[in-house]
Amino acid sequence: MPSDTCEHPTAYRTLLRDREFAGLYASFTLTVAASTLSGFALGTLVAHRTGSPFLTAVSMYGATFATVLGATTLMSVADGNRPRRTLVALQCVSLAGVAAQAVPGLPLAARFGLLMLLGFLQALGTGTRMGLLCEVVPLSAYVPARSLMNITSGGTAVLGYALGAVLLRYLTPQGLFVTAAVLTGTGLVVVAATVRERSIRPPRRPGLRRTWTTNAALLSRTGPRALLLNLWVPNGLIVGCEALFLSYAPDHAGVLLAAGSAGMLLGDLTVGRLLTAARRARCAFPLRLLLAAPYLLFVLHPPLPVATAAVFVAGAGFAATLPLQEHLLALTPDPVRGQVQGVESAGRMTWQGIGAALAGGLAQYLAPGTTITALAALSLAVTLLSRPFVARTRAVRLEETGG
């Protein structure tokens, strides 16, 4: 198991030398790659069959809304006393769902049904995987581990879409589904071969009632509620800004998206590898401001170099997610860590979809630059208004631990 010195810049290599973490990390990467290729294939198929931009968008990103269903019904399975078996079972069902998409001539209604099922399973799998992560690595290594997974997730998604576009020159959408199924199956084998069953958890019977009870307890506390608000809403609104790049600059949207991804990569690397826990905590609020403030320039319709620089700087602000996740983990009782992290992840993904939908709706009436500015201002307002609640929670936590 990695040592507690994972704040050191070599932490990623230290983490990857641990067999169980390497297995979780590799299976996570393969799952993201499979999900990206599958979404790209389905979007292409729907676009060819219907010609509907709305249905195409739903087919590519609609699974994010199904994560809410997982978070509110059966997320308690993430904290069962046999998490490895749970994760393997979820991977098996996901493999069957992705493979079913490869069936030629499958009706679109069935494909959308499978899409929602896979989104539901993705939410449960994320909660289970993150619950295992807390047991595989020591608490001091949690942020570097999440940082590495965040970086890989973003990079894999970008590469997945690029690879999907290349593969479609030689394969049909069904061929992409087959490729996604192979990646999903490989991830399943990796988990089964590397992750051991945890025996330290007390027996718990997961189900709807336990999920609701834990979620109600989580959302009834001011501190976790404020943290979840900060993790969900500002991020989602800025993703909405990014969703308008194609409308704002049709010929240069790729440049703006690449700049945002590069800024996010730099931010996660810096915060996850180079900062101590105390510095991460102090940086959370400034990073949240940095996430939105540069987008206020878009009301002036700046030239492309200025807009690109603003998007790059703002992208670094996504790194505020790491200290906020670390703070939420510190406030979470051990027996429900998987469920809470699953709820956090599902809510964040859902708010990204909400942010994109809100941006698209506003852009029907406002210019893209004005809409981007309005969403950024709203993101700043949420960050500023919720700050006292987050600060109060941190102060209480420090007092309890003698800090």
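Readers should treat all values here as calculations from the given coordinates under stated rules, not as data from a laboratory. Everything numeric in this text was worked out from a predicted model, so none of it was measured. Cβ placement follows ideal geometry from the backbone for every residue including glycine, while neighbour counts extend to all protein chains displayed.
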Please give the length that would be gained between L296 and L246 if that part of the chain were fully extended, namely 0.36 nm times their separation in residues minus their C-alpha to C-alpha distance (nm, one decimal). 16.2 nm
Please check which bits of region 232-274 a label hung off L366 would reach, taking the label as a point 7 Å along Cα-to-C-beta and the cut-off as backbone N under 18 Å. 233-249
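Beta carbons within 10 angstrom, averaged per residue: use that to sort the peptides 267-278, 96-107, highest first. Intermediate results must be reported in sequence, preceding the final value.
Values: 267-278: 18.3, 96-107: 15.2.
Per-residue Cβ counts within 10 Å, averaged per peptide and sorted highest first, yield 267-278, 96-107.
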Neighbour-count ranking [beta-carbon atoms within 10 angstrom, fewest first] of Y25, Y365, Y142: Y365, Y142, Y25
Is any helix in the chain, taking whole DSSP H runs, at least 20 angstrom long along its axis by alpha carbon and on average at least -1.0 on the Kyte-Doolittle scale, and which ones? 19-50, 83-101, 108-136, 142-167, 173-194, 222-243, 253-269, 277-292, 337-362, 368-400
About the Cα centre, and with charges only on the beta carbon of Lys, Arg (+1) and Asp, Glu (-1), how big is the dipole of region 221-403? Nearest 20 debye, please. 520
Region 221-403: Kirkwood hydrodynamic radius (Cα pairs, Å) comes out at 16.7
So V93 and V182, fully extended at 0.36 nm per residue minus their Cα-Cα distance, gain in nm 30.7 nm
Can you sort E197, E135, E344 from fewest to most other Cβ atoms within 10 Å of each residue's own Cβ? E197, E135, E344
Between A109 and A262, what FRET efficiency comes out of the Förster formula 1/(1 + (r/R0)^6) with R0 = 60 Å and r the beta carbon distance, rounded to 0.05? 0.90
The chain, Gaussian network, Cα under 10 Å: of Q364, Q174, Q91, the residue fluctuating most is Q364
Once region 188-316 is represented by equal point scatterers at the alpha-carbon sites, with solvent omitted, what log10 I(q)/I(0) does the Debye formula produce at q = 0.12, 0.19, 0.21 Å⁻¹? -0.71, -1.06, -1.14
Under the rule of at least 5 residues apart or a separate chain, name every residue whose amide H is placed under 5 Å from the amide H of N81. R204
If N is the residue count of the chain, its Cα Rg over 2.2 N^0.38 Å rounds to 0.96
To the nearest 20 Debye, how big is the dipole of the chain about its Cα centre, given +1 on the beta carbon of each Lys and Arg and -1 on that of each Asp and Glu? 820
Cut-off 10 angstrom, C-alpha nodes, Gaussian network model of the chain. Which of V306, V46, V143 fluctuates the most? V306
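Multiply the residue separation of A253 and A309 by 0.36 nm, subtract the distance between their alpha-carbon atoms, and state the gained length in nm to one decimal. List each step's numbers first, then the result.
Details: separation 56, 0.36 × 56 = 20.16 nm, distance 1.35 nm.
Taking 0.36 nm per residue and subtracting the Cα distance, the gain is 18.8 nm.
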Listing S261, S35 from the residue with the fewest other Cβ atoms within 10 Å to the one with the most, what is the order? S261, S35
Of T214, T50, T194, which has the largest mean-square fluctuation in a 10 Å C-alpha GNM of the chain? T50
Between N81 and V189, how many nm apart are label points set 7 Å from Cα along the C-beta direction? 3.3
What FRET efficiency comes out for the pair F389/A357, r = Cβ-Cβ distance, R0 = 35 Å, nearest 0.05? 0.85
Mean residue ellipticity at 222 nm from the helices of the chain, using -39,500 (n - 2.57) per DSSP H segment of n ≥ 4 over the full residue count, to the nearest 500 deg cm²/dmol? -26000 deg cm²/dmol
